[in-house]
Amino acid sequence: MRTQIVAGNWKMNKNLAETETLLSELAAKLPDTKAEVIVAPTFVNLASAVKALDASDIQVAAQNMHFESNGAFTGEISADMLLNIGVDTVILGHSERRSIFGEDDALLLKKVETALAKNMKVIFCFGEELEDRKTEKHFEVVASQLKNVLFGLAPEQWSKIILAYEPVWAIGTGETASPEQAQEMHAFIRKTIADAVTPTIAENVTILYGGSVKPANAKDIFSKPDVDGGLIGGASLKSDDFIAIVNAI
Ligand code: PEP
């Protein structure tokens, strides 16, 4: 049985007081669920989030990290710094990091390797742009993103990998992949991993869908056999919406 996960990517939202309010609401409303629940507040609020969720099952992730341990990298945060404050999960490869901050597969490979060497869990995001889908290159693009970053990993490293398929055209746009489109791509991802890595790893890896998941569409998307939960942006910023999505698992 694969781990089902609902993760909230808060992006550059919520100051300290707002973070504490949302976390206390989430902790109070968290239902008894078989899903792992993860939230990713901004870097400056991670340490307080870890403390605030000390008695809760909700886990805390970072939205990014650098691949070096320390040194002259102004504005960056290392894996050791995250681990030092009790954060052992990191989101890497989000489409906003790729498109706004220029992160490419070569850089992401270094980040993933560092996170895994530090025994961290990685939520690895990937997905095609609208143009790729219009020109029917979406499978090719996704296969290449996976291959360039993940297919050189040792088999035992895969237990720390959580995949998040996020079609860029569906992120923050209100446009969602249909449950059928999500299932079609998730099945393709599993088959690609089965062929390139091993069938067992393909069967066991958690694949989240991300892109305008809302309380109204979560159940239909999560009901698909190869969808193991969601990475949620906008709807993770309101406790009632995020909890409704957790309840859709
Ligand atoms: C995201 O940024 O990972 C995301 C899925 O955002 P949204 O849910 O707002 O589309």
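The values are calculated or read from the model by the stated rules, or taken from the named source; none is laboratory data. Quantities reported herein were computed from a predicted structural model and do not represent experimental measurements. FYI the Cβ positions are ideal-geometry reconstructions off the backbone, even for glycines, and counts take in every protein chain you see. The protein model used for the area step is the full one, side chains on, heavy atoms only, and it has no ligands, DNA or RNA in it. Shrake-Rupley method; radii C 1.70, N 1.55, O 1.52, S 1.80 Å.
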What percentage of the solvent-accessible surface of region 29-176, computed with a 1.4 Å probe over protein heavy atoms, is contributed by carbon and sulfur atoms? 50
For region 59-105, which GluC sites (Glu not before Pro) are both in a DSSP coil and crowded by at most 16 other Cβ atoms within 10 Å? Glu68, Glu76
Can you compute the modelled spin-label distance between Glu76 and Lys134, with each label point 7 Å from Cα toward Cβ, in nm? 3.6
According to the Cα gyration tensor, what semi-axes, each the square root of 5 times an eigenvalue, does the equivalent ellipsoid of the chain have, listed from largest to smallest in whole Å? 25, 22, 17
May I ask you to order 56-67, 204-215 by the average number of other C-beta atoms within 10 Å around their residues, highest value first? 204-215, 56-67
Grab the Cα-Cα distance for Ala17 and Ser56, subtract it from 0.36 nm times how many residues apart they are, and report the gain in nm with one decimal. 12.2 nm
Can you tell me which of Ser95, Ser69, Ser239 moves the most in a GNM of the chain? Springs connect C-alpha atoms under 10 Å apart. Ser69
Could you work out Rg/(2.2 N^0.38 Å) for region 136-249, with Rg from alpha carbons only? 1.07
Around Trp10, with a cut-off of 14 angstrom between Cβ atoms, what is the net charge of the other residues, counting Lys and Arg +1 and Asp and Glu -1? -2
Full-extension gain between Thr173 and Thr33, please, as 0.36 nm times their residue separation minus the C-alpha to C-alpha distance. 47.6 nm
From the Cα gyration tensor of region 138-182, with a ≥ b ≥ c the square roots of its eigenvalues, which class applies: rounded if a/c is under 1.5, or else prolate if a/b is larger than b/c, or else oblate? prolate
Just tell me which lysines come within less than 24 Å, Cα to Cα, of Lys29; anything on the same chain fewer than 8 places away is out. Lys11, Lys14, Lys51, Lys214, Lys219, Lys238
Over the chain, with a Gaussian network built from C-alpha contacts below 10 Å, which listed residue (Ala235, Ala40, Ala28) shows the highest mean-square fluctuation? Ala28
Just check region 82-192 against the gyration tensor rule for me: Cα atoms, a ≥ b ≥ c as the square roots of the eigenvalues, rounded for a/c under 1.5, and otherwise prolate or oblate depending on whether a/b exceeds b/c. prolate
With the Cα gyration tensor of region 1-138 giving a ≥ b ≥ c as the square roots of its eigenvalues, does the rule (a/c under 1.5 for rounded; else a/b larger than b/c for prolate; else oblate) give rounded, prolate or oblate? oblate
May I ask for the Rg/Rh ratio of region 176-231, computed from Cα atoms with Rh as the Kirkwood radius, given to two decimals? 1.00
Neighbour-limited loop hits for GluC sites (Glu not before Pro), region 157-249 (at most 16 other Cβ within 10 Å; DSSP other than H, G, I, E, B): Glu175
Would you mind working out the accessible area per residue for the chain, using a 1.4 Å probe, and quoting it in Å²? 45
Taking the Kirkwood radius as the inverse of the mean 1/r across Cα pairs, report the Rg/Rh of region 21-69. 1.02
Considering only the other residues whose Cβ falls under 12 Å of the Cβ of Lys238, what net charge follows from Lys and Arg at +1 and Asp and Glu at -1? -1
Loop sites in region 72-135: chymotrypsin sites (Phe, Trp or Tyr not before Pro), DSSP, at most 12 other Cβ within 10 Å: Phe73, Phe101
Restricting to DSSP H runs of at least four residues, report the calculated mean residue ellipticity at 222 nm for the chain, -39500 (n - 2.57) per run over all residues, nearest 500 deg cm²/dmol. -12000 deg cm²/dmol
Max mean-square fluctuation residue, GNM over the chain, Cα-Cα springs under 10 Å, options Ala35, Ala17, Ala79: Ala17
Compute, for the chain, the length of the dipole vector about the Cα centre, with Cβ point charges of +1 (Lys, Arg) and -1 (Asp, Glu) only. Units Debye, rounded to 20. 200
